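The values are calculated or read from the model by the stated rules, or taken from the named source; none is laboratory data. Everything quoted here is computed from the prediction, not taken from an experiment. We place every Cβ from the backbone using ideal geometry, glycine too, and count neighbours over all the protein chains shown. Heavy atoms of the whole protein, side chains included, go into the accessibility calculation; ligands, DNA and RNA do not. Shrake-Rupley method; radii C 1.70, N 1.55, O 1.52, S 1.80 Å.
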Amino acid sequence: MIRWGSAILFFIVLLIIWQKLVDFGLWPPYLIPSPSEVGDYLVRATEDGTLLMACYVTLRRLLQGYIFGLLFGIPLGLLMARFQLLHDTMGIIALGLQALPSVCWAPLAILWFGQTEKAMFFIVVMGSVWSISLATETGVRHVPVLWIHAAKTMGAKGLHLWLKVILPASLPFVISGMKQGWAFAWRSLMAAEVYITVLTGFGLGNLLHYGRELHVMEAVIGVMLVIMAIGLIIDQLAFSPVEHWLHRRWGTKKV
């Protein structure tokens, strides 16, 4: 878990250094604006609703694609761990697709779905599902064989063995895969929103794109800071507590 007091203090120090470097004129103001200019933009964008609406649109798209990635990726990972044929076929494909940069899906999505929400959804799913499935498969394959033999001796078999023994034992790997999948989904959506303009909603990536097109650097840096903040908040509220609980539950918590 982040020690928020130290993090906030460090951030304030960085803002002060940033402001001093701007005051010394080390770079043109149209390239790197001052913290006050970025703050003014964030305040204006919040007051007129632009920033809040962009956050809502982006998070809605992210959740939709990520949830589908979970629903497809976890069962796929279990199947790849259960059947050697799937491991030798889909496992290799998933490994290759995971290494594919998310932005590579944008041209394909535009050709298939056009400038639509379906294109956004497709890119987010393709950016997250493979890391989730590979992490799930790795977790299952790292379950100690002794535990499985002990469960079988006590009568566990079939679906009961998988749901009550194998899946819980692989949870640390699954949670790590979910966290990694979230990060990949987040990056994929930013790439999608930069390249694809959907009239049904403008997200943070669109604001980033238009800030670049209009040379409004305070908008570009401000939106980047918002993206970073959302990523940190989600990690601390959703994933870190679960990881903390798992480490305590499995006895791997650092003293």
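Points to keep in mind about this one:
- Flag if Ile230 is surrounded by fewer than 19 Cβ atoms within 10 Å (Cβ to Cβ), in contact with a helix residue (DSSP H, G or I) (Cβ under 9 Å, 6 or more places away or on another chain) and within 28 Å of Pro33 (Cβ to Cβ): yes
- Among the conditions (1) assigned to a helix (DSSP H, G or I); (2) over 24 Å from His209 (Cβ atoms), the only one that Leu26 does not satisfy is (1).
- Condition met for Ile32 (assigned to a helix (DSSP H, G or I) and either out of contact with any Pro (no Cβ under 6 Å at 6 or more places or on another chain) or within 19 Å of Gly211 (Cβ to Cβ) (or both)): no
- Residues located in region 25-66, provided they are among the aromatic types (Phe, Trp, Tyr) and open to solvent by 90 Å² or more (accessible area, probe 1.4 Å): Tyr30, Tyr56
- Sole exception among (1) modelled with pLDDT of 80 or more; (2) more than 20 Å from Ala185 (Cα to Cα) for Val57, by number: (2)
- Of the numbered criteria (1) open to solvent by 100 Å² or more (accessible area, probe 1.4 Å); (2) in contact (Cβ under 8 Å) with a residue 40 or more places away in the chain; (3) assigned to a helix (DSSP H, G or I), the one Leu9 fails is (2).
- Considering Thr153, Thr116, Thr138, the condition of being at pLDDT 85 or above, of a type outside the set (Phe, Trp, Tyr) and either open to solvent by 70 Å² or more (accessible area, probe 1.4 Å) or more than 15 Å from Met178 (Cα to Cα) (or both) is satisfied by Thr116 alone.
- Considering only residues in region 123-182 that are within 30 Å of Ala109 (Cα to Cα) and among the small types (Gly, Ala, Ser), the one that is nearest to the chain's Cα centre (by Cα) turns out to be Gly181.
- Within region 156-175, being assigned to a helix (DSSP H, G or I), in contact (Cβ under 8 Å) with a residue 24 or more places away in the chain and either open to solvent by 60 Å² or more (accessible area, probe 1.4 Å) or closer than 16 Å to Leu79 by Cβ (or both) holds for Trp162, Ile166, Leu167, Phe173, Val174.
- Exclusive hit being modelled with pLDDT under 85 and loosely packed, with under 15 Cβ neighbours inside 10 Å, set Pro144, Pro75: Pro144
- Residue within region 82-90 that is open to solvent by less than 40 Å² (accessible area, probe 1.4 Å) and either within 12 Å of Ala185 (Cα to Cα) or touching a helix residue (DSSP H, G or I) at 6+ places or on another chain (Cβ under 9 Å) (or both) present: no
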